[in-house]
Amino acid sequence: MDDEVGKIGVYGMGGVGKTTLMTHIHNKFKNAGIFNCVICVTVSKESDLEELQGRLSKALGITDFSNYKDALCKSAKLFEAFNRRGKFLLILDDMWSTFPLTKVGVPEPNQENKCKIVWTTRSKKLCRGMGSERIIEVDGLAEDESWTLFKEKLGIDFVLSPEIEPIAKAVVEECDGLPLGIITVGAAMRGVDDTVIWRNALEDLKNSRPDLEGLEDDVFSCLRFSFDHLKTQIHRDCFLYCALYPEDDQISYDSLIEKWMADGFFDEIEDREKGFDKCYTIINDLKDACMLENCKNVHGSFVKMHDLLRDLAIAITRKSHQFVVKVRSNVGKFPRDESLMDDVIRVSLMHSNIEMLSCQSKCPKLSTLLLEGSRLGNIDHLFFEHIQNLRVLDLSHACFMCFPQSLSNLVNLHALLLRYCVNLREVPSLVQLRELRVLDLSGTSIKYLPDGMDGLTNLRCLGLSVTAKLEMVPVAAISSFSHLEELLMVGSKWKWSSNEDRKGRGAGVEDIVRLMHLKKLLVDFVDLSAFSTYVRSGHWRGLNCFLLTVGNPFNDLVEIKYNFYSRECLVNVSDSDCLNSVAFPESNLTELSITRLHNLSTIYMEEPTQGDKLANLKCIEIRKCPKLKYVLSIGWFQTLQNLEEIIVADCRAMDEMVVDMGDMGEANNKIPITLPRLKRITLSHLPNLKSICKRTLICSSLEQIVVLYCPMLKMLPFSINSLLSSLKQIEGSRRWWDSLEWDSANTKMYLQPFFLDCPDFSFQKEEDQERHETKRKGDSIS
């Protein structure tokens, strides 16, 4: 490390591997102990100053950043956060324009702070413009490296015949040493053992120089080849659809699948679950072809497009005038060029500054209009009269307050997505929208459902979660949804009770039971009686996924004890002063979350008689239960073979996380417990915790251990041999780390490189944590 060099510019053509290189650098230095803080942020072509500041604030864990509206205030907040962390390494990937670091809020590296900033770009000129003290060019792979990578993508078990191998090497030469091209072409040719097909592929590559303005031939001939060789036209259409999302955006499976189905890609599939399965397969095919990348995200399954593949998709659709993509732009108004808009079928203005949808725009073929996250404030009362073939309308997170009556003209609409349009108080009649399959009003301010709901007989999914002002769900509406497969209503003001208690005012539990096609149910029951009524009905046995909550708070609840056997299940128990025990018998629980049960002292489960009773449990989260003394018994703990995460926080009475119930026998107490999938354990604000587990834990996948404010915890029970292959970080205070007791001096020596000292300033206030967690869960529900 050269302390005299603080700013490093890395440049090279697109697809050469700059991002991969930065990922390796980030991972290498994150736990090396050289820097106090290592951050990697993607800038991207469409990012402006505000967007970049937002990404930096997220990476730095600044929870109140959205409260600062002025750019100077944001800059000062970032500057302060960087300075608090001391010596940092900041990686800015995929830069397209220069900017002063101080304007963003990033301190300049110097001899005193010894910080370093690395940026990647396609332009050497930009490196100079940013004042790089060292400039590094990333070249393509050498011939032997290219051949090795290509064979890897063909598959380790695939052997090329003597006739095919020279043709394959010629194919690799056409990729010109570019890793992205080699990877996508290799994936396209995986499993092909026909010499004729290989010869034809070589000719296609030589002749596929794209006639696409602004694209480099060497890169895009490979990518165009891979696109053309996708399995079916549906695969190609689904790939192109992904370009409607912002560059470097993490795209959720659910979002893609919902829109693909609504836009008519799979009209022949009526069953929503079967449609999801088909779309899921398409996504995996695109990943296998290296046309989409997998993303790690705690909120579910996500993919992203490489920026070059997105550029290719946009160029292809632009040439045919089928797409208009102006995401994160200052577009101002809806596009109005009639000569171009006549053929447009999909428009994306996501996260743009558009404020008005005017009636002057005529798009007779438009099927998808995406305005999610835009600043849209007004919609002309005639706008929807000119786009009557629209099938997908997504206005989620927009600012407008009301819809024009012309919404009723969208007779072909299949999906109306209005998630978190917080200013929206009323939706016009939907009586003409008889083709509607998906209606999502989650997070809006509506008091009453729109007129015409009882005519939506084709509706498959209704989203009403976090509707804090919703007064009533009419019986007529629910009873008409004969094909409804998903009812999502967690966090709504309207809570479900029995029809008898309703006394004719609105729908009740019995109306849910009559929804015979329901597969996914997320609802709040008003009390234990309503919950019991539903459970006794047996309706839940037909569900594939459910989240059922009872009361808020639990006024008369003493114990919950029910069996569930679904493929996915989340039990969420929170906010009670009178609940003193919670019992969960054998089930297919995937997540157990217990929060703010102030008198809870016991989580009771009869000791398992067989090892698979909680086989599907992936996450245990226990927060703010001040009288709870332990989480689970050893008997149950050792059955959790799919457990991935443990979070225990703010439980003052807890002295052991996993307790020995006293009947295990001395010999058994020496047998280690294996948790093969555990990735993260977080223990926070447990002042009396003395033990995690009395037995040794073998956790071969454990990546992160976080221990905050647990002064009595003096030993870690993990097997050192199982940790070293997976561990990335141990977070805690220096005082706690130095107080730990070890079986041998070597153990601390081995683990020391993974330790990250977390002083007090790095933790959020408790109320900030709760607010962030509430928002996260609301977003994941929607």
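The values are calculated or read from the model by the stated rules, or taken from the named source; none is laboratory data. The structure displayed is predicted, hence computed values, not measured ones. FYI the Cβ positions are ideal-geometry reconstructions off the backbone, even for glycines, and counts take in every protein chain you see.
Those residues that are in a strand (DSSP E or B) and either within 21 Å of Leu418 (Cα to Cα) or among the aliphatic types (A, V, I, L, M) (or both), I need them from region 476-500; list them, please. Talk me through it step by step, then tell me what you get.
Of the residues in region 476-500, the ones in a strand (DSSP E or B) are 486-488, 496.
Passing the criteria: Glu486, Leu487, Leu488.
Answer yes or no: is there a residue in region 354-363 that is touching a residue at least 24 places away in the same chain (Cβ under 8 Å), outside the structural domain of Leu292 (by TED's automatic domain parsing) and closer than 23 Å to Val438 by Cα.
First, the residues of region 354-363 that are touching a residue at least 24 places away in the same chain (Cβ under 8 Å): 356-363.
Checking which are outside the structural domain of Leu292 (by TED's automatic domain parsing) leaves us with 356-363.
With the extra rule that they be closer than 23 Å to Val438 by Cα, the set shrinks to 357, 363.
Looking for residues that are touching a residue at least 24 places away in the same chain (Cβ under 8 Å), outside the structural domain of Leu292 (by TED's automatic domain parsing) and closer than 23 Å to Val438 by Cα, one finds at least one in region 354-363, hence yes.
What are the residues in region 145-176 that are surrounded by fewer than 21 Cβ atoms within 10 Å (Cβ to Cβ) and within 27 Å of Gly9 (Cα to Cα), if any?
Across region 145-176, the qualifying residues are Glu145, Leu149, Asp176.
Under 6 Å between Cβ atoms, at least 6 apart or on separate chains: pull out the pairs that start in region 1-15 with a residue that is surrounded by fewer than 21 Cβ atoms within 10 Å (Cβ to Cβ) and end on any residue that is of a type in the set (S, T, N, Q).
Lys7/Ser132
From (1) in a helix (DSSP H, G or I); (2) free of Cβ contacts under 8 Å to residues at least 60 places away in the same chain, pick out the condition that doesn't hold for Gly181.
If we test Gly181 against (1) in a helix (DSSP H, G or I); (2) free of Cβ contacts under 8 Å to residues at least 60 places away in the same chain, just (2) comes out false.
In region 511-546, how many residues are of a type in the set (A, V, I, L, M, F, W, C), within 19 Å of Ile478 (Cα to Cα) and not in a helix (DSSP H, G or I)?
Result for region 511-546: 10.
Pick from region 41-70 the residues that are under 20 Å from the mean Cα position of the chain (by Cα) and farther than 20 Å from Arg328 by Cβ: which of them is modelled with the highest pLDDT?
This residue is Leu60.
Criterion first (over 27 Å from the mean Cα position of the chain (by Cα), modelled with pLDDT of 85 or more and not assigned by TED's automatic domain parsing to the domain that holds Val219) does Val344 satisfy it?
Working: over 27 Å from the mean Cα position of the chain (by Cα): yes; modelled with pLDDT of 85 or more: yes; not assigned by TED's automatic domain parsing to the domain that holds Val219: yes.
So Val344 fits the description; yes.
Pairs, please: C-beta under 6 Å, at least 6 apart or cross-chain, first residue over 26 Å from Pro626 (Cα atoms) and in region 670-688, second not in a loop (DSSP other than H, G, I, E, B)?
Filtered contacts from region 670-688: Pro672/Ile698; Ile673/Leu697; Thr674/Ile698.
Within region 115-127, can one find any residue that is farther than 26 Å from Glu46 by Cβ and surrounded by 13 or more Cβ atoms within 10 Å (Cβ to Cβ)?
Yes; the residues of region 115-127 include at least one that is farther than 26 Å from Glu46 by Cβ and surrounded by 13 or more Cβ atoms within 10 Å (Cβ to Cβ).
Which residues, taken from region 692-723, are more than 33 Å from the chain's Cα centre (by Cα) and surrounded by 19 or more Cβ atoms within 10 Å (Cβ to Cβ)? Break it down stepwise before answering.
Initial filter on region 692-723 (more than 33 Å from the chain's Cα centre (by Cα)): 694-696, 711-715.
Correct list: Arg695, Leu713.
For region 352-381, which residues satisfy the criterion of being touching a Ser or Thr at 6+ places or on another chain (Cβ under 8 Å), under 24 Å from Phe239 (Cβ atoms) and modelled with pLDDT under 90?
Ser352, Gly373 - these are the residues of region 352-381 that are touching a Ser or Thr at 6+ places or on another chain (Cβ under 8 Å), under 24 Å from Phe239 (Cβ atoms) and modelled with pLDDT under 90.
Output the residues belonging to region 431-458 that are part of a loop (DSSP other than H, G, I, E, B) and under 17 Å from Ser492 (Cβ atoms). Reasoning before the result, please.
First pass over region 431-458, keeping only residues part of a loop (DSSP other than H, G, I, E, B): 431-437, 441-447, 449-452, 456-458.
The answer is Leu441, Ser442, Gly443, Thr444, Ser445, Ile446, Lys447, Leu449, Pro450.
Restricting to region 284-302, what's the tally of residues that are of a type in the set (A, V, I, L, M), at pLDDT 85 or above and more than 17 Å from Glu247 (Cα to Cα)? Before you say what the answer is, go through the steps one by one.
Of the residues in region 284-302, the ones of a type in the set (A, V, I, L, M) are 286, 289, 291-292, 298.
Subsequent filtering for residues that are at pLDDT 85 or above retains 286, 289, 291-292.
Checking the rest, the ones that are also more than 17 Å from Glu247 (Cα to Cα) come to 286, 289.
Residues that pass the stated criteria total 2.
Which of the residues that make up region 240-269 are surrounded by 23 or more Cβ atoms within 10 Å (Cβ to Cβ) and over 19 Å from the mean Cα position of the chain (by Cα)?
Met261, Ala262
Among all residue pairs at least 6 apart or on different chains, which show Cβ distances below 9 Å where the first residue, located in region 723-748, is closer than 24 Å to Val38 by Cβ and the second is among the basic types (Lys, Arg) and surrounded by 15 or more Cβ atoms within 10 Å (Cβ to Cβ)?
Once the first residue is closer than 24 Å to Val38 by Cβ and sits in region 723-748, its partners that are among the basic types (Lys, Arg) and surrounded by 15 or more Cβ atoms within 10 Å (Cβ to Cβ) give Ser726/Lys679; Lys728/Lys30; Gln729/Lys30; Trp737/Lys748.
Give me a count of the residues in region 97-114 that are surrounded by 15 or more Cβ atoms within 10 Å (Cβ to Cβ) and not basic (Lys, Arg).
The initial filter retains those residues of region 97-114 that are surrounded by 15 or more Cβ atoms within 10 Å (Cβ to Cβ), namely 98-99, 101, 104-107, 109, 113-114.
Then keep just the ones that are not basic (Lys, Arg); that gives 98-99, 101, 104-107, 109, 113.
The number of residues fulfilling the criteria is 9.
Determine, yes or no, whether Glu51 is in a loop (DSSP other than H, G, I, E, B), in contact (Cβ under 8 Å) with a residue 40 or more places away in the chain, among the acidic types (Asp, Glu) and surrounded by 13 or more Cβ atoms within 10 Å (Cβ to Cβ). Before you say what the answer is, go through the steps one by one.
Working: in a loop (DSSP other than H, G, I, E, B): no; in contact (Cβ under 8 Å) with a residue 40 or more places away in the chain: yes; among the acidic types (Asp, Glu): yes; surrounded by 13 or more Cβ atoms within 10 Å (Cβ to Cβ): yes.
Against the criterion (in a loop (DSSP other than H, G, I, E, B), in contact (Cβ under 8 Å) with a residue 40 or more places away in the chain, among the acidic types (Asp, Glu) and surrounded by 13 or more Cβ atoms within 10 Å (Cβ to Cβ)), Glu51 does not qualify.
Every residue in region 270-308 that is part of a loop (DSSP other than H, G, I, E, B) and over 18 Å from the mean Cα position of the chain (by Cα), please. Walk me through it before giving the result.
Filtering region 270-308 down to residues part of a loop (DSSP other than H, G, I, E, B) leaves 270-271, 289-292, 296-301, 305-306.
Hits for region 270-308 are Glu270, Asp271, Ala289, Cys290, Met291.
Working only within region 234-268, note down all residues that are hydrophobic (A, V, I, L, M, F, W, C), in a loop (DSSP other than H, G, I, E, B) and touching an Asp or Glu at 6+ places or on another chain (Cβ under 9 Å). First the steps, then the outcome.
Of all residues in region 234-268, those hydrophobic (A, V, I, L, M, F, W, C) come to 234, 238-240, 242-244, 251, 256-257, 260-262, 265-266.
After this cut, where a residue has to be in a loop (DSSP other than H, G, I, E, B) as well, the list is 265-266.
Across region 234-268, the qualifying residue is only Phe265.
Return yes or no: is Ser44 within 15 Å of Leu101 (Cα to Cα), buried (at least 19 other Cβ atoms within 10 Å of the Cβ) and of a type in the set (Ser, Thr, Tyr)?
Numbers: within 15 Å of Leu101 (Cα to Cα): no; buried (at least 19 other Cβ atoms within 10 Å of the Cβ): yes; of a type in the set (Ser, Thr, Tyr): yes.
No; evaluated as a whole, the condition is false for this residue.
Go through region 315-328 and report how many residues are surrounded by fewer than 18 Cβ atoms within 10 Å (Cβ to Cβ) and touching a helix residue (DSSP H, G or I) at 6+ places or on another chain (Cβ under 8 Å).
Going through region 315-328 one residue at a time, the tally reaches 1.
Scanning region 225-239 for residues that are surrounded by 22 or more Cβ atoms within 10 Å (Cβ to Cβ) and under 25 Å from Glu174 (Cβ atoms), which turns out modelled with the highest pLDDT?
Narrowing region 225-239 to residues surrounded by 22 or more Cβ atoms within 10 Å (Cβ to Cβ): 225-227, 238-239.
Imposing the further condition that a residue be under 25 Å from Glu174 (Cβ atoms) reduces the set to 225-227, 239.
Numbers: Phe225: 87, Ser226: 88, Phe227: 91, Phe239: 96.
Of everything passing the filter in region 225-239, Phe239 is modelled with the highest pLDDT.
Any residue at all in region 321-338 that's β-branched (Val, Ile, Thr) and either in contact with a Cys (Cβ under 9 Å, 6 or more places away or on another chain) or outside any loop (DSSP other than H, G, I, E, B) (or both)? It would help to see each step written out before you state the result.
In the first step, residues of region 321-338 are kept if they are β-branched (Val, Ile, Thr); the result is 324-325, 327, 331.
From what's left, either in contact with a Cys (Cβ under 9 Å, 6 or more places away or on another chain) or outside any loop (DSSP other than H, G, I, E, B) (or both): 324-325.
Yes, region 321-338 contains a residue that is β-branched (Val, Ile, Thr) and either in contact with a Cys (Cβ under 9 Å, 6 or more places away or on another chain) or outside any loop (DSSP other than H, G, I, E, B) (or both).
Need the failing condition index for Phe65 against (1) touching a residue at least 24 places away in the same chain (Cβ under 8 Å); (2) of a type outside the set (Asp, Glu); (3) closer than 20 Å to Asp248 by Cβ, just the number.
Only one criterion is unmet by Phe65, namely (1).
Which of the residues belonging to region 288-314 are under 12 Å from Thr184 (Cα atoms) and either in the same structural domain as Ile183 (by TED's automatic domain parsing) or surrounded by fewer than 14 Cβ atoms within 10 Å (Cβ to Cβ) (or both)?
Scanning region 288-314 gives a single hit, Asp288.
Determine whether region 382-394 contains at least one residue that is assigned by TED's automatic domain parsing to the domain that holds Ser408, over 21 Å from His414 (Cβ atoms) and not in a helix (DSSP H, G or I). So that I can check it myself, show each step before the final result.
Taking region 382-394 first, the residues assigned by TED's automatic domain parsing to the domain that holds Ser408 are 382-394.
Pick out the ones that are also over 21 Å from His414 (Cβ atoms) and you get 382.
Restricting the remaining residues to those that are not in a helix (DSSP H, G or I) gives 382.
Yes.
Could you identify the single residue in Gly155, Gly131, Gly177 that is within 38 Å of the chain's Cα centre (by Cα) and outside the structural domain of Cys222 (by TED's automatic domain parsing)? Step through it out loud before you land on a result.
Working: Gly155 fails: outside the structural domain of Cys222 (by TED's automatic domain parsing); Gly177 fails: outside the structural domain of Cys222 (by TED's automatic domain parsing).
So the residue among Gly155, Gly131, Gly177 that is within 38 Å of the chain's Cα centre (by Cα) and outside the structural domain of Cys222 (by TED's automatic domain parsing) is Gly131.
Test Ser537 against the criterion of being surrounded by fewer than 21 Cβ atoms within 10 Å (Cβ to Cβ), over 32 Å from the mean Cα position of the chain (by Cα) and in contact (Cβ under 8 Å) with a residue 24 or more places away in the chain, and give yes or no.
Values: surrounded by fewer than 21 Cβ atoms within 10 Å (Cβ to Cβ): yes; over 32 Å from the mean Cα position of the chain (by Cα): yes; in contact (Cβ under 8 Å) with a residue 24 or more places away in the chain: yes.
In short, yes.
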